[in-house]
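Values in this text are rule-based calculations from the coordinates and carry no lab data. Because the structure is predicted, anything quoted here is derived from the model rather than measured.
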Amino acid sequence: MKEQEAKELEHLVGKVMEKAPLETPSFQFTDKVMAAINAELQRESNCYRPLISRYVWAIIAVVVIGFTAYIWFLVQPAPLNLPTLSFDFMEDNLVTKEFAAFKPSKITIYGVLLLAVMLCIQIPVLKRYFDGRV
């Protein structure tokens, strides 16, 4: 039963395909499609715009240079009569004595050193990986 329906359907599709004219795209079809794709890509791409423009950076630089020049040339320095600070109380502190007596083992030193080396290796590798993904 299903074979008969399939044959009839195939026969009907064959008749329709014979009657349908073969359509061809226009002369510049490929060019128009590529132009539309390029326009879509350009519309979706994010243009980099800095948060602080060059004009604002120039104003900030002028203000900093002007303030520095004002302080340097026009303000007369006043002598500072600050009392001398003494840190003698740090020598008799219990925490200072404990830190002076602390001696880490070789395993601890090797572990911290290995951690530092691995961190210094991992940071550039991860940076290169994430730069490649963007």
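How big is the shadow of the Cα convex hull of the stretch 12-134, averaged over all directions, in nm²?
24.9
For Lys2, give me every one of the aspartates and glutamates with a C-alpha distance below 18 angstrom, ignoring sequence neighbours fewer than eight places off in its own chain.
Straight-distance partners of Lys2: Glu10.
Among Val64, Val117, Val56, which one shows the biggest mean-square fluctuation in a GNM of the chain, springs joining Cα atoms closer than 10 Å?
Result: Val117 has the largest fluctuation of those listed.
Which value, to two decimals, describes the C-alpha radius of gyration of the stretch 61-110 once divided by 2.2 N^0.38 Å? Working shown, then result.
Numbers: Rg = 23.4 Å, N = 50, 2.2 N^0.38 = 9.7 Å.
Relative to the 2.2 N^0.38 Å estimate, the stretch 61-110 comes out at 2.41.
Mind listing the phi-derived Karplus ³J(HN,Hα) values for the stretch 107-113, rounded to whole Hz, using 6.51, -1.76 and 1.60 with θ = phi - 60°, and x for any glycine or proline?
4, 5, 5, 5, x, 5, 5
Report, in deg cm²/dmol and to the nearest 500, the calculated mean residue ellipticity at 222 nm for the chain, where each DSSP H run with n ≥ 4 adds -39500 (n - 2.57) and the sum is divided by the residue count.
The helix-only estimate for the chain comes to -22500 deg cm²/dmol at 222 nm.
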